[in-house]
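Below: one structure, written as structure tokens.
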Amino acid sequence: MATVDIRFVGARGKKDNIETVEEIQNLVTPGDIITTDTGFMRGHGTFMENEKLHASVAGVVERVNKLICVKPLKTRYNGEIGDVVIGRIIEVCQRRWKVETHSKLNSVLMLSSVNLPGGELRRRSEEDEKLMRHYLKEGDLISAEVQNIMGDGCLSLHTRSLKYGKLGQGTLLSISPSLIKRRKTHFHNLPCGASIILGNNGYVWISPNVNEETDNTGGYEQNLEPVPNDVRIVVARLRNSILALADHHMIIYDTSIMYAYEASLLFTVKDMLKPEVTSEIIDLIQQRMELEGT
Amino acid sequence: MADVNYSEAEKTFILHGIQDKFPCREDGRGCEDYRHMEIETGVVSNTSGSARLRLANTDILVGVKAELGVPSPEKPDSGCIEFFVDCSANATPEFEGRGGEELATEISTVLSRCYDNSGCLDLKSLCIIPKQQCWILYIDVLLLECGGNLFDAASIGVKAALYNTRIPNVTVNQEDDEMEIELSDDPYDVNRLDISSSPCIVTLSKIGHYHVVDASQKEEACCLARLMMGVTAKGTISALKKEGWGSLNPESIFDMMETGKKIGQVLNTSLLNVLEEEEKSGNKRKTVGFLK
């Protein structure tokens, strides 16, 4: 059955207007004067002109003692050491891969900071360099950890643990990095039959459940068998749940995703693309969160 | 088009999803479902008619400007319609400079081919004095964001903008041999276009052995060949184009045409319903435009 779902903008729910959130304080747009007092220090997102401190990005002003920063509302990913990220290989270079990680510059993954298939630990030879494209080629997705941040802000990644490495079948989502909650673990095997990796860089990877003992091989052996239909529906439902959360600017972590997933079970996966259904799901989650005090 | 290189495993995942007995695409849609669309007409004040369409991530702004001009010598008794597509570098950095030109000409050619049919739009009514004066409709399509399925989105936007178009009434006074045209000053003394039989493009993408409508960007990357067809509300096909490097079996083309025809009819009727509904809601409504 073919379905076409068109609306006109005017029919959009008026609800948003009534339920105006309390106005955020200290909101600035680029060029706004933050202060004329010269006693403050210039932090990220600000610049000094004519002895006045201006904002250079749109966001919220934050002050720590004498330091004034503007935290942008929408930003690319600013890496921190130890973050879990998901990236896509875009180039194979000399002894390194260039990886796209939604940050300002492309990140690098050195040949010396990956686990070779079989988990061998040894010096990387010329042979290995020739086989680089065999391990990871352009377009491949990897999960990795930020090892170091270089002077220009470029990230250096490593995958020296069996939980990191090449990703197999699944769906990649891109949401705002600020919505991902920093947690102890970013790898979750959800009870509903799928696993997710919440990259700190705003990339979320949803894949069919992995068996931790046998499948943690760094992803060099790929399983291209068809995924069963029920698992696929779970993956699609999780995808739509996470996008619904992101659309309503809700923080994304394992509990909120599970709440969204459970609330969405009332609807078909397809219906979750409609705005009124997503706002209903979000209402249900908010109620449940208030109830359980999380 | 803005192509990201996807990994083998991701493509396999999408391919298997469509081959399934109960197809489930990555967002849970079936093979013949469109994503959510939102439309608004009359968003640009200095045009004769305009519309903005958002289809999931694809964002399109269409403006129609009616200008007086000379009819083409081949068709002296009808008006003209001219398409121009602009791919903004806001959509993707690849469109910067002349990067988007190829895609833009491709979209405008398909659009003009769809409308190059006397049954689609009554161009004769746009003629004022045969061989001398006619209305020329300049249709500008601006691509603001790419989220896949640009052709369908552009055509829906164009149809909505044409629905919204109002052309001033013109009276012709004849004095001896001189013809004089008088343009009405009254903003309500206008003519509207009949779009009941103008086409919408339906793109069918062949992925593996099956075809889907409204492919997302990721699905477009997996697609071997696609068939674009201009379908009117009655189900007649006004234009057909095959694109992509893969080849199609004649039988599958037939299948795709059947599907496209069916979906095109649904698409046209629901679009017209929405446009009429929007009009009924009257002048009270505020234009939302780009403020979310």
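Values in this text are rule-based calculations from the coordinates and carry no lab data. Keep in mind that this is a model prediction, so the values were computed, not measured. Virtual Cβ from ideal backbone geometry, glycine too; neighbours counted across all protein chains shown.
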(Q) Please list, in order along segment B:79-93, the HN-Hα scalar couplings obtained from phi with the Karplus expression 6.51 cos²θ - 1.76 cosθ + 1.60 (θ = phi - 60°), rounded to whole Hz, x for Gly and Pro. (A) x, 10, 9, 10, 9, 9, 10, 10, 9, 6, 5, 5, 5, 7, x
(Q) Could you work out how much longer the chain between B:Asn191 and B:Val288 gets when fully extended? Use 0.36 nm per residue separation minus the Cα distance between them, nm to one decimal. (A) 32.4 nm
Q.
Need one number: nm distance between label points at A:Met150 and B:Asp116, each 7 Å from Cα along Cα→Cβ, rounded to one decimal.
A. 5.2 nm
Q.
How shielded is B:29-42 by partner chains, expressed as the average number of their Cβ atoms within 10 Å of its Cβ atoms?
A. 5
Q | Proximal lysines relative to B:Lys131, as straight alpha-carbon distance under 19 Å, when same-chain residues fewer than 8 apart are discounted | A | B:Lys75
(Q) If you take every residue apart from B:Cys200 with its C-beta less than 11 Å away from the C-beta of B:Cys200, what net charge results, scoring Lys and Arg +1 and Asp and Glu -1? (A) 0
Q. Exactly which GluC sites (Glu not before Pro) in segment B:186-285 are in a DSSP loop and have at most 15 other Cβ atoms within 10 Å?
A. none
**Q.** Which of A:Lys104, A:Lys98 has the fewest Cβ neighbours within 10 Å, and the rest in rising order
**A.** A:Lys104, A:Lys98
Q.
Considering only C-alpha atoms, what is the centroid distance from segment A:67-117 to segment B:122-169, in Å?
A. 45 Å
Q: Enter the angle in degrees (range 0 to 90, nearest 10) between the Cα long axis of helix B:150-164 and the first principal axis of the Cα atoms of chain B, meaning the one along which they spread out most.
A: 30 degrees
(Q) Per DSSP helix of 4 or more residues, -39500 (n - 2.57); summed, then divided by the residues of chain A. What does that give at 222 nm, rounded to the nearest 500? (A) -6500 deg cm²/dmol
Q. Order of A:Thr38, A:Thr3, B:Thr58, A:Thr46 from fewest to most other C-beta atoms within 10 Å?
A. A:Thr38, A:Thr3, A:Thr46, B:Thr58
Q | 10 Å Cβ neighbours from other chains, averaged over peptide A:231-243 | A | 3
Q) Mind listing which trypsin sites (Lys or Arg not before Pro) in segment A:118-191 are in a DSSP loop and have 10 or fewer other Cβ atoms within 10 Å? A) A:Arg122, A:Arg123, A:Lys184
Q. Residues of B:263-269, mean number of Cβ from any other protein chain within 10 Å of their own Cβ, rounded to a whole number?
A. 2
Q.
At 7 Å along Cα-to-Cβ for each site, give me the label-to-label distance between B:Asp20 and A:Thr3 in nm.
A. 1.5 nm
Q.
Around B:Leu123, under 14 Å between beta carbons, what's the net of Lys plus Arg minus Asp minus Glu among the other residues?
A. -4
Q. Taking each full run of DSSP H in chain A as one helix, which ones are at least 24 Å long along their axis (Cα atoms) and have mean Kyte-Doolittle hydropathy of at least 0.5?
A. A:229-247
Q: Report, in degrees rounded to the nearest 10, the 0 to 90 angle that the Cα long axis of helix B:250-280 makes with the longest principal axis of chain B.
A: 50 degrees
Q | Using alpha-carbon coordinates, inclination of helix B:101-115 to the longest axis of chain B, degrees | A | 60 degrees
Q | Within chain A, longest stretch clear of exposed GluC sites (Glu not before Pro) (DSSP loop, no more than 15 other Cβ within 10 Å) | A | A:139-220
Q) What is segment B:23-173's relative contact order, in percent, from Cα pairs under 8 angstrom and six or more apart in sequence? A) 35 percent
**Q.** Listed pairs B:Lys159/B:Lys241; B:Lys124/B:Lys234; B:Lys159/B:Lys218; A:Lys104/B:Lys11 exceeding 24 Å between Cα atoms
**A.** B:Lys159/B:Lys218; A:Lys104/B:Lys11
**Q.** Cβ-Cβ FRET estimate between A:Thr185 and B:Glu251, R0 fixed at 56 Å, reported to 0.05
**A.** 0.60
Q. Rounded to the nearest 20 Debye, what is the dipole magnitude of chain A about its Cα centre when Lys and Arg each give +1 and Asp and Glu each give -1 at the C-beta?
A. 560 debye
Q. Quick one: A:Ile233, B:Ile237, A:Ile86, fewest Cβ neighbours within 10 Å first, how do they rank?
A. B:Ile237, A:Ile233, A:Ile86
